[in-house]
Amino acid sequence: MGKPVENRVSGNSEPQSAQYRCVGIGVGPANLSLASLLHGRSETPNLFLDQKERFGWHDNQQIPGASLQVSLLKDLVILSDPTNEFSFLSYLHEQGKIYHFINAQYDAVPRREFRNYLEWASRRNENIVFGEKVVAVDFDDVRDSFVVHTSRRTVTAENICVGVGTRSWVPAHARDKLGDTQFHVSDFIDGTRPGLAGKRVAVVGGGQSGAEAFLDLISRAPKELPRRVTWISRRGNYFPIDDSPFTNEYYTPSYSEYFAGVDRAVRESLNSRHVLSSDGISESTLRDIYQRCYEHRFIEGTQDLLALLPNRAVTDVSGNESGGWTIEMGHNDRPDVVEYVDVDTIVWATGFRPASTEFLAPIESRLEREGDEYRIDRDFAVQWDGPRDRLIFMQNAARGQRGLADPNLSLTAWRSRRILDRLLGVGSDEQLPSFVEWSAKPPVDDLDAL
C-alpha cells in the first residue's frame, strides 16, 4: 500500500508568477478527472486550484446507506484510460481492500466510498492546491496568455479549465428563511443543528436526494424519530430512475455528439422528456421506503408518522404561531384547491444550479453565450474572440448543449479526454458507435441534390 500524500494548501509565501499550459479552476470530479489524466505529463505543466481548505464532495449530504446511481467503471479515468493510476480499482488496490470490496458484493458503490476515492485522487496529485481562491481571470494580448489572479499569487496560462461545480438552489419564497429550521438537503448532515426527534419535518423534492433524506428520517431509532415526516413532490408520483440499457445510451459519447448537433428547441425538449433517466429515484431506495412505510403502519402501528404528498407544488412558506412553518401547496390536478401543512422543519431537496463564474468578469464580454450557458464547441471550449489556440474549457456547465449527461459522472472521463486531446493537439480513438442510429438519414435523392 502506498504512502498517502497530504493535501496541499497554499502557504503564506509572497505572490509568485508562473506559466502553465493549463490552469484548472475548481477541484470537483470534473477537473479532478482532467488533472488525473494530465498527471505525469511534464511537457504539459498544469495547476488546479480550489478555494476550499481541503477536498470535499457533498460532504454534508453523505447519508449513510446512499449509493451511486452509475457503474463503478464511470470513475475519473477508466473509460478514457483503463490503465491510469487514478482509477477506482487502483484506489481499492492501493488501500489494500480490493478483495474486501469484491466480497462485499455491493449492488452499487457506496457514495461515501466514492467520495473517499475522489479525495484519495486529489491527495496523490501534486498539481492540485487547496485553500487558494481564483479572484479574477484576464487575458494579456501582449503575453498571449490568460492571467489568473488568486488570493495568494498571479500565474499565467495558455489555457484554463473551469470546473467550479454547482450550488444549492431553493425557491424564492424560502431564500430569506434559511437557517436551522429550513435548509437545503446539501446541509442535511450538520452536527451543529438541533435534532429532529419529535419534530414535524417536511422534505420537499421528489428526486433521489429527497428520497434519501425521507428514508433516513423514517429509519431512525425510536428515540430519534421525528413526530411526523411529510414528503412533497410536484411530480405525479415518486418515479424511479430509468436505468435500462437503451436509456443508458443517452449517456454515451455518440449520443452526446448527436445531441449537440440538433436545434436548441429540440435539445430542450429532449432534456425535459428524458429527465427521469438521470433524476429519478433508485429502485432500491423506493423499495426501502415502501418497506419502512409498511413496517411503521402495519407492524409497529405508528399510523401518523408518514404523509406522502406527490403531485403538489409548494407555492409559499410562512411562519406560524407555533414558531414553525406553514407550507402552502397547489394540487396539479386541482388548481382551484389550496392545501396547507404545518411543520417545524423543512428540508429543501430542490436541486442545484451552476456555481458562479464571477472571476471571468474581466473577459466576460468576449465570451459567447447561449441562454444561461457559455457557448462551447465540440471540445467543450468556450467560443470567444481571442486567439484560436488560447482556450477556456467549461466542465459540467453545458446541460443545455450536451444533455443530461453533462453534469452526470457518466461522461466525465470522456469529456476530460476530449479536453486533453485538444490541449495536446492529438486525437484519441473513439469507442464504437451506438447500436442506435440517432441521426436522420435523408433519402438518396436528397443526398445527390446536395
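The values are calculated or read from the model by the stated rules, or taken from the named source; none is laboratory data. In this text the structure is predicted, and so the values were computed from the model without any measurement. Cβ sites come from the backbone with ideal geometry, for glycine too, and all protein chains shown count toward neighbours.
Between a first residue in the range 359-370 that is under 14 Å from VAL135 (Cβ atoms) and modelled with pLDDT of 95 or more and a second residue that is among the charged types (D, E, K, R) and outside any helix (DSSP H, G or I), which pairs have beta carbons less than 6 Å apart while being 6 or more apart in sequence or on different chains?
Here the result reads PRO362/ASP138, each pair linking the range 359-370 to a residue that is among the charged types (D, E, K, R) and outside any helix (DSSP H, G or I).
(1) assigned by TED's automatic domain parsing to the domain that holds GLN61; (2) closer than 28 Å to ARG415 by Cβ; (3) in contact with a strand residue (DSSP E or B) (Cβ under 8 Å, 6 or more places away or on another chain): which one isn't true of ARG143, the others all being true?
All conditions are met except number (2).
Determine if the range 181-197 includes at least one residue that is under 21 Å from the mean Cα position of the chain (by Cα), farther than 26 Å from SER278 by Cα, touching a residue at least 12 places away in the same chain (Cβ under 8 Å) and in the same structural domain as ASN396 (by TED's automatic domain parsing).
So the first thing to find is which residues in the range 181-197 are under 21 Å from the mean Cα position of the chain (by Cα), and the list is 183-190.
Still in the running and farther than 26 Å from SER278 by Cα: 190.
Checking the rest, the ones that are also touching a residue at least 12 places away in the same chain (Cβ under 8 Å) come to 190.
With in the same structural domain as ASN396 (by TED's automatic domain parsing) added as a condition, the list becomes none.
Checked against the condition, which is being under 21 Å from the mean Cα position of the chain (by Cα), farther than 26 Å from SER278 by Cα, touching a residue at least 12 places away in the same chain (Cβ under 8 Å) and in the same structural domain as ASN396 (by TED's automatic domain parsing), the range 181-197 yields no hits at all.
Given the condition under 30 Å from PRO387 (Cα atoms) and within 19 Å of the chain's Cα centre (by Cα), answer yes or no: does some residue in the range 145-161 qualify? Explain how you work it out, then say what you get.
So in the range 145-161, the residues under 30 Å from PRO387 (Cα atoms) come out as 145-161.
Next cut, within 19 Å of the chain's Cα centre (by Cα) only: 161.
Scanning the range 145-161 turns up at least one residue that is under 30 Å from PRO387 (Cα atoms) and within 19 Å of the chain's Cα centre (by Cα).
Hey, which of the helices (runs of 4 or more DSSP H) in the range 230-309, taking only ones fully inside, have at least 2 residues that are within 19 Å of the chain's Cα centre (by Cα)? Can you show your working first?
Details: elements: 253-261, 264-273, 276-279, 283-294.
So the answer is 253-261, 264-273, 276-279.
What pairs come up if the first residue lies in the range 96-124 and is more than 15 Å from SER33 (Cα to Cα), the second is small (Gly, Ala, Ser) and outside any loop (DSSP other than H, G, I, E, B), and their beta carbons are under 7 Å apart, counting only those six or more places apart or on different chains?
ASP107/SER284; ALA108/SER67; VAL109/SER67; PRO110/SER67; ARG111/SER67
Inside the range 9-126, counting only helices (runs of 4 or more DSSP H) that do not spill past its ends, which hold 1 or more residues that are of a type in the set (Asp, Glu) and surrounded by 15 or more Cβ atoms within 10 Å (Cβ to Cβ)?
Numbers: elements: 29-38, 88-94, 98-104, 111-123.
By residue number, 88-94, 111-123.
What is the number of the single condition among (1) at pLDDT 95 or above; (2) within 15 Å of ASN127 (Cα to Cα) that SER10 does not meet?
Just one mismatch for SER10, condition (1).
So which helices (runs of 4 or more DSSP H) are wholly in the range 336-450 and hold at least 3 residues that are surrounded by fewer than 21 Cβ atoms within 10 Å (Cβ to Cβ)?
Numbers: elements: 399-402, 412-424, 444-449.
So the answer is 412-424, 444-449.
Report the residue count in the range 272-292 for those that are in contact (Cβ under 8 Å) with a residue 24 or more places away in the chain and loosely packed, with under 15 Cβ neighbours inside 10 Å.
Quick first cut of the range 272-292, residues in contact (Cβ under 8 Å) with a residue 24 or more places away in the chain only: 274-286, 288-289, 292.
Right, trim to loosely packed, with under 15 Cβ neighbours inside 10 Å and you get 283-284.
Selection size over the range 272-292: 2.
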